[in-house]
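Asks: One structure, as structure tokens, below. Some questions next.
Where a number appears in this text, it was derived from the coordinates with a stated rule and is not lab data. The shown structure was predicted, so the numbers you read here are calculated from the model rather than taken from an experiment. In this analysis, Cβ positions are derived from the backbone assuming ideal geometry, glycine residues included, and neighbour counts consider all displayed protein chains.
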Amino acid sequence: MTRTLVLGGARSGKSAYAERLAADSGKEVIYIATATAGDEEMASRIAHHRAGRPAEWVTVEEPLALGNQLLRWSSPDRLILVDCLTLWLSNLLFSGGQEYPDVGEIVLPALFHEQQDMLASALTKCASDIVLVSNEVGLGIMPMGAVSRCFMDEQGRLNQSVAAICDRAVFVAAGLPLVLKG
């Protein structure tokens, strides 16, 4: 079993790289999509991603309970591709339906840390090869709003914790992979 974290910025080629890893594995591919169509533009993005996947891949749409899905589909003859941890984290951040203040302390929903703990546990227990896609959001300027800064901080923490569990970590920029670990 291998665990690979594929990081990169928006439109860096990280998803295409992760999909090549999955296709080249020779295993049954379970594609766990975390995106939700909150508006027409996002629905179009999701449709574009769906259309580009091989028909034989099993697609599972899971916005929150990612760890549960990893364990549900766990099998040594499968590769599970998760695209992406960034949207999953965003889903968790806004899972309580609350409005966040522009200033002051951000109180994260209880589900936020519970699901992250479940993901870490599932990554160590899952019998499948796993490829996880995540954005590296900390390379730009410091965001102005408290919620954006909270998200950037939590994304950085999530990427660090997942990278520590994974055997491999690859950073993709301009479609070119740079192996960081493994």
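Asks: Give me the angle, in degrees from 0 to 90, between the Cα long axis of helix 146-165 and the longest principal axis of the Cα atoms of the chain, rounded to the nearest 10.
Replies: Compared with the principal axis, the helix lies near 30 degrees.
Asks: If I model a spin label at Arg149 and Ser161 as a point 7 Å from the Cα along the Cα→Cβ vector, what separation in nanometres do I get?
Replies: If labels sit at Arg149 and Ser161, their model points lie 2.2 nm apart.
Asks: Among the lysines, which have Cα under 17 Å from the Cα of Lys14 when same-chain residues fewer than 8 positions away are ignored?
Replies: Within reach: Lys181.
Asks: Please give the net charge around Gly156, taking every other residue with its beta carbon less than 13 angstrom from that of Gly156, where Lys and Arg add +1 and Asp and Glu add -1.
Replies: Numbers: positive: Arg149, Arg157; negative: Glu136, Asp153, Glu154.
Around Gly156, the surrounding residues sum to -1.
Asks: Give me Rg/Rg_expected for segment 77-179, where Rg uses Cα atoms only and Rg_expected = 2.2 N^0.38 Å with N residues. Please list the in-between numbers first.
Replies: Values: Rg = 14.9 Å, N = 103, 2.2 N^0.38 = 12.8 Å.
For segment 77-179, the normalised Cα radius of gyration is 1.17.
Asks: So for each of 22-33, 2-13, 38-49 I average, over its residues, the number of other beta carbons within 10 Å; can you give me the resulting order with the highest mean first? If you can, show how the numbers build up before the last one.
Replies: Values: 22-33: 17.9, 2-13: 19.7, 38-49: 11.5.
Output ranking for 22-33, 2-13, 38-49: 2-13, 22-33, 38-49.
Asks: How large are Rg and Dmax for segment 3-181 when only the alpha carbon atoms are used, in Å?
Replies: Over segment 3-181's Cα set, Rg and Dmax evaluate to 15.8, 50 Å.
Asks: Taking 22 Å as R0, compute the FRET efficiency from the Cβ-Cβ separation of Ser121 and Arg72 and round it to 0.05. Kindly include the intermediate steps, with their values, before the conclusion.
Replies: On the way: r = 14 Å, r/R0 = 0.62.
Calculated transfer efficiency: 0.95.
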